[in-house]
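Report on the structure given below.
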Amino acid sequence: MMTQPTIRLYDYWRSSAAYRVRIALNLKGLAYTSVPINLLASEQAGDSYRATNPQGLVPAIEIDGRRIVQSLAIIDWLDRAFPEPPLLPTDRFARADAMALALIVACDIHPPLNLRMTRRLKHDLGVDDEGRARWTAHWMAEGLAAMEAMAPDAPYLAGDAPGLPDLCLVPQLYNARRNDVPLSAYPRLIAVDARCAKVDAFATAHPDRVGPP
């Protein structure tokens, strides 16, 4: 296993993708320097940040000067470089199930709801606040219902310990609550979220603890 590298995380406190990476870093016990990128001020679109991440998205991470972008790619690198504690089960079927749950969040729920998408709905397509709220609730409900049905009979979505699907779920439920999306239909997910909240790696990564820059 590698020794502690020098890590710079390009972060926004309310970004659910950056929130995932903060949890992963904490679970691995890795120290890092946070470099705030203010999405509301469009700092991610500037030439300076695009030199770090050509997509103009957060998070990005520099590890001993090497850049990685996309939250799941970052987390995969961390899990391979620092395998304890593991973020995915070793059993092949359980691993596939856990990965599928993570991808429901990262690929299906999150993309239609991120800031660049909702800004386009408002400014380019003229969708009003009520319409955007319905859009958010629809994609949240569709994905969370599937996750509720697929959740394993275990304390966490990754099994007996929190892992990749849990660190994707928790930020998504944070966003759901911010957007007043009802969650009563997902008791298994709510129970997992409550267990994660008691884990220090999750608690210290929470936006309320990180706070705005």
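No lab work stands behind these numbers, since they all come straight from the coordinates. These numbers were taken from a predicted model, which means no experiment stands behind them. All Cβ positions, even for glycine, are placed from backbone atoms using ideal geometry, and neighbour counts span all protein chains on display.
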Under the helix-only model (-39500 (n - 2.57) for each DSSP H run of 4 or more, divided by the residues of the chain), the mean residue ellipticity at 222 nm, to 500 deg cm²/dmol, is -14500 deg cm²/dmol
Regarding segment 92-200, what are the three Cα extents along the principal axes, ordered largest first, in Å?
46, 26, 26
Pop out the Kirkwood hydrodynamic radius of segment 43-131 from its pairwise C-alpha distances, inverse of mean 1/r, in Å to one decimal.
15.6 Å
Kirkwood Rh in Å, taken over the chain so that all alpha-carbon pairs contribute:
17.7 Å
Scoring the chain by relative contact order with C-alpha pairs under 8 Å, at least six apart, yields a percentage of 25 percent
So, relative contact order of segment 92-200 in percent, Cα under 8 Å, 6 or more apart, is 32 percent
Counting other Cβ atoms within 10 Å of each Cβ, which trypsin sites (Lys or Arg not before Pro) in segment 104-213 have at most 14 and sit in a DSSP loop?
Lys198
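What net charge do the residues around Cys168 carry, taking every other residue with its C-beta under 13 Å from that of Cys168, with Lys and Arg at +1 and Asp and Glu at -1? Don't skip to the answer; put the middle values down first.
Working: positive: Arg20, Arg22; negative: Asp76, Asp108, Asp166, Asp193.
Net charge in that neighbourhood comes out at -2.
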One finds the C-alpha centres of segment 196-211 and segment 66-114 to be spaced, in Å, by 19 Å
Considering only the chain, percent of DSSP beta bridges that pair antiparallel, nearest 5:
70 percent
Filter the DSSP H helices in the chain by two things, a Kyte-Doolittle mean of at least -1.0 and an axial alpha-carbon span of 27 angstrom or more, and list the hits by number.
129-150
